[in-house]
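Report on the structure given below.
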Amino acid sequence: MVGIPVVPYAPDGAVDLTRTGELADRLVGSGLGAITPNGNTGEFYALSPRERADVARTVTGVVGDRAVVVVGVGLDPATAKAEAAYAAELGAHAVMVHQPVLPYMSRAGWVEYTAAVASAVPRLAVLPYVSSPAIRGSDIAALVRRAPNVAGIKYSVPDPVAFAETVQDTDADLLWIAGLAESYAPSAWQAGARAFTSGLVNVVPEISFGLLDALRDDDTERAAALWRRIRRFEQLRARDRSADNVSVVKEAMHQLGLCDRSVRPPSTTLPDADQADVARILSAWNSEDWKEKP
């Protein structure tokens, strides 16, 4: 499982690097095997270049070799390559290349862009983040031929059939990661995923680990039961094109005393009714023993 940590803010709105390190330590201490600072749950696009560098340095320093550190990089090619090279200098183990945000992206251009970033860090593993349905298995295969350090794919297109077809059409030995977290993990697992990303792990790690164990054990009954228990939480995150993806996670963490609920525009904090909904979810989870099978 790949945990995507949030970025906590101080009362003045700046990134709270002390708390950033504490939260990363909490995740790894819970047993997390891979962590992605500067991922989408970490509000990558709302951070300045300096802030992204500070977050990458803080998390990499705290985690060390206790888990695989996969630093998120992206934006324009020069910035993505520079931030990937900085991640390598910090001692990160891999980089995750965000889906390009330019509205005019060709499939060949995606290959060129990702290969250029991978070439900047030939000794690091590279995990492209695919969220565009335009990218197909043949494109990923072409990328791997250009960049042999591409070790896996974080696939985040909300289409289980497209994911299965992409896996089958990619002639390469890759780690397939279900990039839409716990909601899509069971269906993606059937198609070949062997890991999934998680923002939920920031809140109650036992839930995410329970689902991972169930999938590894091929325990479909337990996986389905866990999926049902987290369904409302993930629905809140996914509604309105994932408008509250980070806000829901931070609200839950705020209620647990882990960090402030604040987010940066274009995200917003949850209204009172949704805060109450999150409270009800946490109360229900608190009454359950996640170490026991449902």
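Remarks
- The label-point distance for R145 and D169, in a model that sets each label 7 Å from Cα toward Cβ, rounds to 1.6 nm.
- Across the accessible surface of the stretch 1-88, with the other protein chains kept in place and a 1.4 Å probe, carbon and sulfur atoms take up 57 percent.
- Of P205, P265, P158, the one that fluctuates the most in a GNM where the chain has Cα springs shorter than 10 Å: P265
- Per-pair calculated FRET efficiency, R0 = 41 Å: Y104 and L256 via Cβ, rounded to 0.05: 0.45
- Label point distance in nm, A78-N286, each placed 7 Å from Cα along Cα→Cβ: 5.1
- Loop-exposed GluC sites (Glu not before Pro) per DSSP, neighbour cap 16 Cβ within 10 angstrom, longest uninterrupted part of the chain: 1-287
- Amide H contacts under 5 Å for A34, placed H, 5+ residues apart: G3, V68
- Distances between placed amide hydrogens fall under 5 Å for G152 paired with V126, L175, all partners being 5 or more residues away or on another chain.
- Fluctuation leader among A238, A142, A14 - the chain, Gaussian network, Cα springs under 10 angstrom: A14
- Rel. contact order, % - alpha carbon contacts under 8 angstrom, at least six apart, the chain: 15
- Scanning residues 5 or more positions from D260 or on other chains, those with amide H under 5 Å from its amide H are Y9, with H placed 1.01 Å from N in the peptide plane.
- Hz values of 3J(HN,Hα) by residue in the stretch 32-40 - Karplus curve (6.51, -1.76, 1.60), Gly and Pro given as x: 4, x, 8, 9, 10, x, 6, x, 5
- Between G13, G64, G42, the Gaussian network model of the chain with springs among Cα atoms under 10 angstrom shows the greatest mean-square fluctuation at G13.
- Karplus 3J(HN,Hα) series, Hz, for the stretch 139-154 with 6.51 cos²θ - 1.76 cosθ + 1.60 (x for Gly, Pro): 5, 5, 4, 5, 5, 5, 5, 7, 9, x, 7, 6, 9, x, 10, 8
- Remark: the stretch 199-206, residue by residue, has Karplus-estimated 3J(HN,Hα) of x, 4, 4, 5, 8, 10, x, 4 Hz, where x stands for each Gly or Pro and the curve is 6.51 cos²θ - 1.76 cosθ + 1.60 at θ = phi - 60°.
- Spin-label model, A273/E112: points 7 Å from Cα along the beta carbon direction are separated by 4.8 nm.
- Remark: the D219-A85 segment gains 44.2 nm on full extension, using 0.36 nm per residue and subtracting the alpha carbon distance.
- For the chain, accessible area per residue (1.4 Å probe, heavy atoms of protein chains only), Å²: 44
- Within the accessible area of the stretch 99-251 (1.4 Å probe), percent carbon and sulfur: 49
The values are calculated or read from the model by the stated rules, or taken from the named source; none is laboratory data. Given the structure is predicted, the values throughout are model-derived calculations rather than measurements. Methodologically, a virtual Cβ is constructed for each residue, glycine included, from the backbone with ideal geometry; neighbour enumeration extends over all protein chains shown. The protein model used for the area step is the full one, side chains on, heavy atoms only, and it has no ligands, DNA or RNA in it. Shrake-Rupley method; radii C 1.70, N 1.55, O 1.52, S 1.80 Å.
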